[in-house]
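Structure, as structure tokens:
The values are calculated or read from the model by the stated rules, or taken from the named source; none is laboratory data. This one's a predicted model, so the numbers in the text were calculated from it and none came from an experiment. Cβ placement follows ideal geometry from the backbone for every residue including glycine, while neighbour counts extend to all protein chains displayed. When the accessible area is computed, the model is the full protein with side chains, heavy atoms only, and any ligands, DNA or RNA have been set aside. Shrake-Rupley method; radii C 1.70, N 1.55, O 1.52, S 1.80 Å.
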Amino acid sequence: MTPGLGRRIGFTLGALLVYRLGLLIPLPGIDHSVWEQLFRSQAGGVLGAFNVLSGGAIQRLSILALNVFPYLSAAVLIQLMTTVGPQFGRLKKEGRQGRTVTDQYTWYLTVLLAVFQSYGIAIGLEGAGRIVSDPGWMFRISTTITLTGGTMFLMWLCDLIRARGVGHGLSLILCLGIVVEVPAGIAGVLELFRQGVFSQRAIVLMGLIAVCLTALIALVERARRRLPVTFPNHQAGRPAVEAELSLKLNSAGALIPTWLASLSLSLLYFVVSIVPGLEERSGFLVDQFAHRGPLFLAFYALLIFVFALFYTAFVLSPDDTARALEKHGGRLEGVEPGEATAATLDRSFSRITLIGAAYLVPGVSGPGNPGSLYGRTILFWRRIASYRGLHGPGPRR
């Protein structure tokens, strides 16, 4: 056994226990019985999906209700800037020093987003009926400070797990939030079976589907397209060095395409709601978006597919890869360096991108929502198999 591994595992389990205990601390100034009724009426939509990811923090309206979502949004924005912005792109090429600066920008943007989201939640709670016992500026300020502090505490906890524990803290917290909600979902299915809603055959079929989905997702997330590459050996008389260029099937990941798709739909819904008369003329569209109807899921799936294609095109550049291979003397097997290599890589990138984008669509956009057993299986194994922060080392203080 590796020296110190037991201590690291114990520290990680202790940190995750602290996180779970924090989820049980309620937000002050809230009538939680009223909030529970409101949550149950909205649990089948987006609110229920976020509750799954947060480990039940939204249902309890805990001080950790924002969870790590502000950091995820900040990390996505910063990574997009490193892809399309020249200044941030230079930081990406500066190695460890550039990553340190990028992590600092991500941290500052996390604080800013957490403050805005916390204040928005406070305003929303005040306008939702009798949830807030004493509305006013004191409630808004205290809620903003409490929720922002909860997010900052989780970022600090993730940093501690990364430094002193085992694994990536952010991945573990997201996985734990999903895993602890799975037993409740299974218990709900068994209760429906007891009531006669589901037959025994249906229960067995759902179990088989869950197992097959788990195997399929793990397989796809680990799938690689390997292109043989040869490099010259500078030692006289030695054969060329053989290597391979490994291309991940799902290069875009699940987070950025779904985040961009959700943002686009939110902006569309916002525009429809503020333009005078447009909401009345678009009643069917508004109803579909509000209740995650078939039209909403169709738009969501299409946007996920499109954004996965575009983001992968930014990340995987066949011309840059071909130039890098030529610079180091490498060449694809049976392909001439230069434009021929770039064309071959472009064909390979296009094929795996189409497969990866098509794979994302059913897992994230349906069937139903991420609160289902299907969605939880998807989310859990994606975090386990492929999450690497956002291809970075994790938040820094």
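Mind checking which helices (runs of 4 or more DSSP H) fall wholly inside the stretch 1-90 and carry at least 2 residues that are over 20 Å from the mean Cα position of the chain (by Cα) and modelled with pLDDT of 80 or more?
Counting at least 2 such residues, we get 5-23, 32-42.
Please verify whether Ala210 is modelled with pLDDT of 75 or more, farther than 30 Å from Phe314 by Cβ, of a type in the set (A, V, I, L, M) and surrounded by 15 or more Cβ atoms within 10 Å (Cβ to Cβ), treating the condition exactly as stated. Don't jump to the end; show me each part of the working.
Numbers: modelled with pLDDT of 75 or more: yes; farther than 30 Å from Phe314 by Cβ: yes; of a type in the set (A, V, I, L, M): yes; surrounded by 15 or more Cβ atoms within 10 Å (Cβ to Cβ): yes.
So Ala210 passes the test.
Anything in the stretch 131-148 that is surrounded by 16 or more Cβ atoms within 10 Å (Cβ to Cβ) and of a type in the set (Phe, Trp, Tyr)? List them, or say none.
Scanning the stretch 131-148 gives a single hit, Phe139.
Select the helices (runs of 4 or more DSSP H) contained entirely in the stretch 232-340, then report the ones holding at least 3 residues which are within 26 Å of Met81 (Cα to Cα) and either open to solvent by 60 Å² or more (accessible area, probe 1.4 Å) or modelled with pLDDT of 70 or more (or both).
Here the list reads 255-274, 294-315, 318-327.
Just give me the residues in the stretch 99-140 being acidic (Asp, Glu) and in contact (Cβ under 8 Å) with a residue 40 or more places away in the chain, in sequence order.
Within the stretch 99-140, Asp103, Asp134 meet the criteria.
Please work out which residue is least open to solvent (accessible area, probe 1.4 Å), limiting yourself to the stretch 16-41 and to residues that are in contact (Cβ under 8 Å) with a residue 40 or more places away in the chain and over 17 Å from Ile178 (Cα atoms).
For the stretch 16-41, the residue satisfying everything is Leu27.
Which numbered condition trips up Ala218, out of (1) touching a strand residue (DSSP E or B) at 6+ places or on another chain (Cβ under 9 Å); (2) among the small types (Gly, Ala, Ser); (3) surrounded by fewer than 18 Cβ atoms within 10 Å (Cβ to Cβ)?
Only one criterion is unmet by Ala218, namely (1).
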